[in-house]
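Contents: one structure, followed by commentary.
The values are calculated or read from the model by the stated rules, or taken from the named source; none is laboratory data. Remember, it's a predicted structure, so these values are computed and weren't measured experimentally. Please note: Cβ atoms are built from the backbone with ideal geometry, for glycine as well, and neighbour counts cover all protein chains shown. Protein only, heavy atoms only, side chains kept; ligands, DNA and RNA dropped before computing areas. Shrake-Rupley method; radii C 1.70, N 1.55, O 1.52, S 1.80 Å.
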Amino acid sequence: MNLKAPRGTKDIFGDEIYLWQYVEETLREICRYFGVNEIRTPIFEKTELFQRSVGETTDIVTKEMYTMNTKGSESVTLKPEGTAGAARAFIENGMYSLAQPTKLYYITPAFRYERPQAGRQRQFHQFGVEIFGSYDASCDAEVISLVQEVLNRFGINDVELKINSLGGNECRKKYNETLKKYIGDNIEYLCEDCRERFVKNPLRVLDCKNEKCADVIKDAPSVIETLGHECRNHFEQLKENLNNMNIKYTVDSKIVRGLDYYTRTVFEFVSNNIGSQSTICGGGRYDNLVYECKGPKTGAVGFAMGLERLIMLLKEKNLVKEKVRNIDIYLGSIGQKGFLKAQKLGYELRKAGICAEYDTVKRSVKAQLKYADKIKAKYCVVIGDSEIDEDKIQIKFMEKSEQLNVKLSNIKDEILKLLKEKV
Ligand code: ATP
Ligand code: MG
């Protein structure tokens, strides 16, 4: 039997898990400042939800979904992204009847059957924010400012924000025609996939990563040129809002994003430091989605950030020191009486918020001290019969060759005092 983890998945543990926890805690804290509340939706949904929302012709739906039939022969799919589930929950739980906007965030695994490579996995993780209940460009700017603040907090300053507008339904139709004409004239230079995309959804061609197609795409007509008055205005407002908050951006009319539900604003944050999978974060406005999923007409905007890529960037640039486990005290012991005392004390210290460790593998005293050193315990004691009988203990300071003699019965207070003095 092959007992390896499935291709494109990773175990996260050891020092690495501290980095993940630090990143996640920071993201949660930032969301608190931005008034965004967490939502946890199921890891699988009815397949139809993704077909309808992400779009029948997108790469995700046509090639990348983990779909299965349940025993009741219902088709369900592991979530390939977070927006569809959030929108479904928004409708199903009647959140639209509360005071708007509804601001939600999630940190979730997502699943796509793709070719694994650096920054691309089959199970990966997304941090996403969705704001429901407003059509105004100030909301687009608000979600972008949240991403910008994430980058600021982690000290990332060389990621570029690219914005574009795909327009509303009307402009979209008009642009599709212009684009169809242009692509039709150049169809012979496109890859197999794009020839098919041309028939089903020409906008998807602009998202192709094939070099052959890039040559054609680069001279394609700009979507911004075809925007109607209102959509143009919306885009101008977004720019004004971003300028107002001093958030730098460039307009890139080739950004279309890989999902069908976007309307008007789309944006990406792109890094030059993590190789070819360079998009850290993508998002945009999706004013039709809630309605198409049988909810009331609701403006909405959001983004999703790939946590693997964010963490790659942090590591690449050495922006966070991986936190090592902090052990306050190692309670060594000699003999069964000593062990029982160390165990009891260890439990009490832990209840008092002190990180304490004691021997559970029956090491010799010498090996226990070596281990205390290895796990970088700040303090260490050894409890034997005489320490218990005479109610005294010597606290060793592991970093310096100093020690302190105290009463064994007072050790909790003494340790708490020492830990306080340190800060
Ligand atoms: P890409 O162009 O890299 O395939 P995408 O357009 O498919 O990205 P979205 O669906 O917008 O990506 O997802 C948002 C973010 O999630 C991406 O910007 C990326 O950081 C991350 N992401 C997407 N797919 C993967 C994956 N297979 N492995 C790791 N991260 C991913
Ligand atoms: Mg993709």
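Could you work out the helix-only [θ] at 222 nm for the chain, with each DSSP H run of four or more residues adding -39,500 (n - 2.57) and the total divided by the number of residues, to the nearest 500 deg cm²/dmol?
-12000 deg cm²/dmol
Using a 1.4 angstrom probe, figure out how much accessible area segment 329-422 has per residue, in square angstrom, rounded to the nearest whole.
On the way: 5740 Å² over 94 residues.
On a per-residue basis, segment 329-422 sits at 61 Å².
Calculate one ³J(HN,Hα) per residue across segment 87-96 by plugging θ = phi - 60° into the Karplus curve 6.51 cos²θ - 1.76 cosθ + 1.60, and present them in order as whole Hz with x for glycine and proline.
5, 4, 5, 4, 6, 4, 9, x, 5, 5
Please determine, in degrees from 0 to 90 and to the nearest 10, the orientation of helix 229-244 with respect to the longest principal axis defined by the Cα atoms of the chain, where the helix direction is its Cα long axis.
Roughly 30 degrees between the two axes.
Please turn the phi angles of segment 396-411 into ³J(HN,Hα) values with the Karplus equation 6.51 cos²θ - 1.76 cosθ + 1.60 (θ = phi - 60°), one per residue in order, whole Hz, x for glycine and proline.
8, 8, 5, 7, 10, 8, 10, 8, 9, 9, 9, 7, 4, 5, 9, 4
Going highest first, how would you order 280-292, 178-190 by mean Cβ packing within 10 Å? Walk me through the numbers before you get to the answer.
Numbers: 280-292: 23.0, 178-190: 14.8.
Top of the packing list down: 280-292, 178-190.
How large a share of the accessible area of segment 329-422, in percent, is made up of carbon and sulfur atoms when the probe is 1.4 Å and the other protein chains stay in place? Before the final figure, lay out each step's value.
On the way: 2850 of 5740 Å².
Whole-percent figure for carbon plus sulfur exposure: 50.
Residue farthest toward the positive end of the dipole of the chain, with Cβ of Lys/Arg at +1 and Asp/Glu at -1: which of GLY306, CYS380, THR178?
CYS380
Computed on alpha carbon atoms, what radius of gyration and Dmax characterise the chain, expressed in Å?
According to the Cα coordinates of the chain, Rg and Dmax are 27.9, 94 Å.
Once the Cα atoms of helix 307-316 and of the chain are each reduced to a long axis, what angle between those two axes, in degrees from 0 to 90 to the nearest 10, is obtained?
Rounded to the nearest ten degrees, it is 70.
Order of 126-133, 341-348, 5-12 by packing, highest average Cβ count within 10 Å first?
So the peptides 126-133, 341-348, 5-12, ranked by packing, come out 126-133, 341-348, 5-12.
In degrees from 0 to 90, rounded to the nearest 10, what is the angle of the helix 169-186 Cα long axis to the longest principal axis of the chain?
80
Given LEU259, SER276, GLN123, which one lies farthest toward the positive end of the charge dipole of the chain, if we put +1 on the Cβ of every Lys and Arg and -1 on the Cβ of every Asp and Glu?
GLN123
When ligands, DNA and RNA are left out and all protein chains stay put, how many square angstrom of accessible area per residue does segment 112-224 have with a 1.4 Å probe?
Result: 46 Å² per residue.
Given the C-alpha centroids of segment 174-217 and segment 361-421, what is the distance between them in whole angstrom?
Value for the Cα centre distance between the two parts: 70 Å.
Carbon and sulfur: what percent of segment 142-224's accessible surface (1.4 Å probe)? Each step should come with its number before you reach the end.
Details: 1930 of 4110 Å².
After summing per-atom areas, the C and S share lands at 47 percent.
Could you state how much accessible area HIS234 has, in square angstrom rounded to the nearest 10, with a 1.4 Å probe and all protein chains kept in place?
Surface accessible to solvent at HIS234 totals approximately 10 Å².
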